[in-house]
Amino acid sequence: MNKKIVFAICGCLFFINGFSQTRNIEELLNKIAQNNSELKAYHSFIDSRKLENKSDNNLPDPQFSGYYLPFGEHTTDAYSEFQISQSIEFPTVYGARTKWNALKLKELESAYIKRSQEILLKAKTHIIEVVFLHKQWEVEVERRNQSKQVFDQIQELFDKDQVGVLDLNKSKIAWIQEQFVVEQIEGDIQMLHSKLETLNGGSPVTGLSSGIVFNTKIGTLENLWNEKLEKGPELQELKAKAAVSFQKVKLEKNKLLPNLAFGYNYQGVQGSGYSGFYGGVSIPLWNSKNKVKAAQASFKYEQSNAEVVTTALHLQFQESFNRYQILLKKCNEYRQTISELNGETILFKAYTLGEFSFMNYHMELQFYQNAADEMLQMEKGLQLLKAELLKHKL
């Protein structure tokens with residue numbers, strides 16, 4: 001009964017710890033989304049395009065024109081005329097253009113979300129790599145310490161003429177190689193931190209360590225694809241482009257209607273004149289020619305392109321999901337086997353007890369080290385693939 005309670009408490013602590021670490025990563029990605037210089041610039045670009053689209057739907061400027069004709073043969077005072085007029089497109093055009101501008105804004109927002117998720121995926125990729133480099137660093141530090149201990153033992157044996165110089169040199173090389181590996185990993189960690197700092201708008205990123213645990217839960221293929229259809233920016237951008245093209249067809253059809261003009265006109269000479277209202281209608285014969293057909297052709301293209309791209313994305317997503325399932329199964333089997341072997345620890349103990357010569361120990365050690373390194377690489381690859389599959393949730 002006590003064992004069950006202990007296991008339950010440990011399970012709860014593991015869940016809470018994993019949940020907290022997941023929250024920390026989510027908070028870090030949220031900070032990067034807020035601080036990233038490119039995304040800030042994109043926000044400004046969207047604001048400028050929004051204002052630009054709005055200005056495209058303004059009325060033309062009013063026009064004032066006048067005549068003063070004092071020259072020539074006439075028996076009256078100089079003739080004068082002036083006119084103030086305002087031209088407008090047919091009223092329904094403005095409504096159609098307003099909807100078109102709103103849809104173009106949605107298209108820009110979809111493009112922003114798409115770029116944001118690309119940047120956050122890059123950041124999450126760096127985070128995963130940093131965490132697994134920390135894990136590898138801890139392993140390599142332990143290997144370095146063990147190789148130093150082995151070198152010291154062989155040095156003592158060499159001083160006593162119990163081993164040859166060949167074993168001494170090999171043990172020293174093995175120790176130096178482990179030192180180099182540790183230094184190289186430290187350099188790689190620093191480089192990735194620099195990349196994360198750049199993505200974070202110049203602010204340093206902290207809190208990443210080997211203690212972060214990534215879960216492997218991902219959901220079903222059908223649920224993930226439905227989520228991607230609903231939230232995926234690539235698909236949302238395709239829908240937005242099709243909607244913009246469809247509204248452009250409506251706009252061009254409305255622009256076939258005549259433009260209107262109205263105003264005030266005065267004509268006359270001093271003491272005598274006429275004034276009244278001015279009105280005019282344009283005849284849309286040439287300006288709108290073939291524009292409706294062009295807009296319809298563009299809409300058909302966007303429809304067809306959306307279907308083609310959606311099909312390709314679905315196949316690619318399904319392929320990645322299947323690869324994830326295969327890699328997950330392989331990773332679980334490999335992890336269980338490695339944990340049961342505990343090869344490096346057992347081998348080192350056997351060597352210290354004198355059950356292995358250095359040459360045999362070194363050869364066996366390479367096998368177990370390669371297996372452990374392969375395990376870490378598989379786990380990292382699994383998390384990178386999961387991040388790609390869940391990109392639409394970033």
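Go over the candidates E138, E118, E109 one by one and state the one that is surrounded by fewer than 18 Cβ atoms within 10 Å (Cβ to Cβ), among the charged types (D, E, K, R) and under 30 Å from T352 (Cα atoms). Give the derivation first.
Numbers: E118 fails: under 30 Å from T352 (Cα atoms); E109 fails: under 30 Å from T352 (Cα atoms).
Only one candidate passes the filter, namely E138.
Here's the yes/no breakdown for (1) surrounded by 15 or more Cβ atoms within 10 Å (Cβ to Cβ); (2) hydrophobic (A, V, I, L, M, F, W, C); (3) more than 29 Å from K99 (Cβ to Cβ):
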position	(1), (2), (3)
L235	yes, yes, no
G276	no, no, yes
S288	no, no, no
V309	no, yes, no
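Report whether or not N254 is in contact (Cβ under 8 Å) with a residue 24 or more places away in the chain, over 30 Å from A312 (Cα atoms) and touching a Phe, Trp or Tyr at 6+ places or on another chain (Cβ under 6 Å).
Criteria not met by N254.
Need the failing condition index for W137 against (1) part of a helix (DSSP H, G or I); (2) within 30 Å of N322 (Cβ to Cβ); (3) of a type in the set (F, W, Y), just the number.
(2)
Every residue in segment 262-308 that is of a type outside the set (S, T, Y), part of a loop (DSSP other than H, G, I, E, B) and on the phi < 0 side of the Ramachandran plot, please.
If the condition is that a residue be of a type outside the set (S, T, Y), part of a loop (DSSP other than H, G, I, E, B) and on the phi < 0 side of the Ramachandran plot, then Q270, I283, P284, L285, W286, N287, K289 are the ones that fit.
Can you spot a residue in segment 168-181 that is surrounded by 18 or more Cβ atoms within 10 Å (Cβ to Cβ) and more than 44 Å from the chain's Cα centre (by Cα)?
Among the residues of segment 168-181, at least one is surrounded by 18 or more Cβ atoms within 10 Å (Cβ to Cβ) and more than 44 Å from the chain's Cα centre (by Cα), which makes the answer yes.
Name the residue, out of K250, K195, that is under 22 Å from the mean Cα position of the chain (by Cα) and either under 25 Å from E140 (Cα atoms) or charged (D, E, K, R) (or both). Quick ask: steps written out before the conclusion?
Numbers: K250 fails: under 22 Å from the mean Cα position of the chain (by Cα).
K195 is the lone residue from the list that is under 22 Å from the mean Cα position of the chain (by Cα) and either under 25 Å from E140 (Cα atoms) or charged (D, E, K, R) (or both).
Determine whether S210 is farther than 30 Å from S110 by Cβ, among the small types (G, A, S), touching a residue at least 24 places away in the same chain (Cβ under 8 Å) and in contact with an Asp or Glu (Cβ under 7 Å, 6 or more places away or on another chain).
yes
Any idea which residue in segment 158-176 is nearest to L365 (Cα to Cα), counting only those that are part of a helix (DSSP H, G or I), in contact with a helix residue (DSSP H, G or I) (Cβ under 8 Å, 6 or more places away or on another chain) and without any contact (Cβ under 8 Å) to a residue 60 or more places away in the chain?
So, considering only residues that are part of a helix (DSSP H, G or I), in contact with a helix residue (DSSP H, G or I) (Cβ under 8 Å, 6 or more places away or on another chain) and without any contact (Cβ under 8 Å) to a residue 60 or more places away in the chain, the one nearest to L365 (Cα to Cα) is W175.
Kindly indicate the residue of segment 251-278 that is over 15 Å from E89 (Cβ atoms) and small (G, A, S) and also modelled with the lowest pLDDT among those meeting that condition.
G271
Picking from Y278, Y274, Y266, which residue would you name as being farther than 30 Å from E388 by Cα and without any contact (Cβ under 8 Å) to a residue 12 or more places away in the chain?
Values: Y278 fails: without any contact (Cβ under 8 Å) to a residue 12 or more places away in the chain; Y266 fails: without any contact (Cβ under 8 Å) to a residue 12 or more places away in the chain.
Testing whether each residue is farther than 30 Å from E388 by Cα and without any contact (Cβ under 8 Å) to a residue 12 or more places away in the chain leaves just Y274.
Can you tell me which residue among S55, S44, S80 is surrounded by 11 or more Cβ atoms within 10 Å (Cβ to Cβ), at pLDDT 85 or above and either at positive phi or not in a loop (DSSP other than H, G, I, E, B) (or both)?
Details: S55 fails: surrounded by 11 or more Cβ atoms within 10 Å (Cβ to Cβ); S44 fails: surrounded by 11 or more Cβ atoms within 10 Å (Cβ to Cβ).
Just one listed residue meets the conditions, S80.
Can you name the condition, by its number, that P62 falls short on among (1) within 30 Å of S272 (Cα to Cα); (2) modelled with pLDDT under 85?
Of everything listed in (1) within 30 Å of S272 (Cα to Cα); (2) modelled with pLDDT under 85, P62 misses just condition (2).
Does A240 count as under 30 Å from N287 (Cα atoms), of a type outside the set (S, T, N, Q), touching a Phe, Trp or Tyr at 6+ places or on another chain (Cβ under 9 Å) and surrounded by 14 or more Cβ atoms within 10 Å (Cβ to Cβ)?
No: the conditions fail for A240.
The values are calculated or read from the model by the stated rules, or taken from the named source; none is laboratory data. Keep in mind it's a predicted model, so treat the numbers as computed, not measured. All Cβ positions, glycine included, derive from the backbone under ideal geometry; neighbour counts span all protein chains shown.
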